[in-house]
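Here is the structure we will look at.
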Ligand code: 5AD
């Protein structure tokens, strides 16, 4: 039996071959596509790593209209996508507007497609409102397990509220994703280990890991970027220990490393998120500089090539997390809760 402790010091090549084998056993050669829609870059938070934080006055702000969002989803649905991810800065929309957007999208796609939200920390009641409106999944990275670094970079926010939000999401039945940044300033090897440990203990259904990339208009602008080989190690270790969760090859990885996504498919990543945000907004959603998905009208061609280069095939299936599906069955067979 592998554990974090038996894997943590293994050479990358060994981790890769184990992870690739595990991934193939559970997902064949499939890579699931998620259409990513960056609906607004307005944000009330001041995360020190993030290029769209509230204090960056240089970035032009945008907020897509409800009708525009629905149109984009309709188009992507017709192109074959069966998962939509809505992401924005925090507080860009009212809670009831988001509920309205969710309902409109669900009217178009029904249960044929899954709807994922990535809108930050909200109270339980709001998560419930959105779930009842039809949302299926939620992404909320804990970013770092180091509480001191968390408080420094999240400026005024507490790690506990984020962890509570993750518990709330799971308790409401969301397919829940979390994860962390690799290489925030001051992070040690021990932090890397603890980030993996916390990810495992949260029992997520999906997990996203990406390298920190310094943005010049932030307080961390002159810090070093995260190390890509650690992104590969983390991806492979999580795949080996959690065969049945979805793991994306993050956009930040392919921004930092040439063919970064190809490398991550080789480490057990089975998901990728083509950007379907209208071209005119793309440059303004600059979480970090050089984001690869902004320099092309359609991110899809590049992604398609990387999937093939890794010897994988594109899947337009809804691609629910097997970890979540089996939890649901377990629930039903025990008579629910
Ligand atoms: N570099 C890499 N990733 C970043 N994110 C935000 N800013 C950066 C950055 N400078 C990531 C965070 C967040 C996700 C949406 O984007 O981890 O959860």
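Every read-out reported here was derived from the displayed coordinates using simple, explicitly stated rules and does not represent laboratory data. In this text the structure is predicted, and so the values were computed from the model without any measurement. FYI the Cβ positions are ideal-geometry reconstructions off the backbone, even for glycines, and counts take in every protein chain you see.
Overview of results
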read-out: For q = 0.15, 0.21 Å⁻¹, Debye-computed log10 I/I(0) when each Cα of region 203-264 counts as one equal scatterer; value: -0.49, -0.82
read-out: Overall dimensions of region 1-142 as given by Cα atoms, namely Rg and Dmax in Å; value: 18.7, 51
read-out: Sorted by Cβ neighbour density within 10 Å, fewest at the top, the residues 205, 331; value: 331, 205
read-out: Shape parameters for region 1-77, alpha-carbon atoms, Rg then Dmax in Å; value: 20.6, 51
read-out: Cα shape, region 67-158, gyration tensor, a/c 1.5 rule; value: prolate
read-out: Computed [θ] at 222 nm, deg cm²/dmol, the chain (DSSP H ≥ 4; -39,500 (n - 2.57); rounded to nearest 500); value: -13000 deg cm²/dmol
read-out: Calculated FRET efficiency for the pair residue 318/residue 67, C-beta based, R₀ 30 Å, to 0.05; value: 0.75
read-out: Alpha carbon centroid spacing (whole Å) that separates region 1-48 from region 197-234; value: 11 Å
read-out: Gap separating the Cα centres of region 66-143 and region 266-292, nearest whole Å; value: 17 Å
read-out: Order of 193, 138, 288 under a 10 Å beta carbon neighbour criterion, fewest first; value: 193, 288, 138
read-out: Antiparallel %, DSSP beta bridges [both residues in the chain], to 5; value: 5 percent
read-out: Alpha-carbon radius of gyration plus Dmax, which is the widest Cα pair, for region 200-337 in Å; value: 16.9, 54
read-out: Length added when fully stretched, residue 125-residue 100, from 0.36 nm per residue minus Cα-Cα; value: 7.4 nm
read-out: Kirkwood estimate for the chain, i.e. one over the average of 1/r between Cα atoms, Å; value: 20.0 Å
read-out: Relative exposure of 28, 95, judged by other C-beta atoms within 10 Å (fewest first); value: 28, 95
read-out: Virtual spin-label span in nm between residue 1 and residue 201, 7 Å along Cα→Cβ; value: 1.8 nm
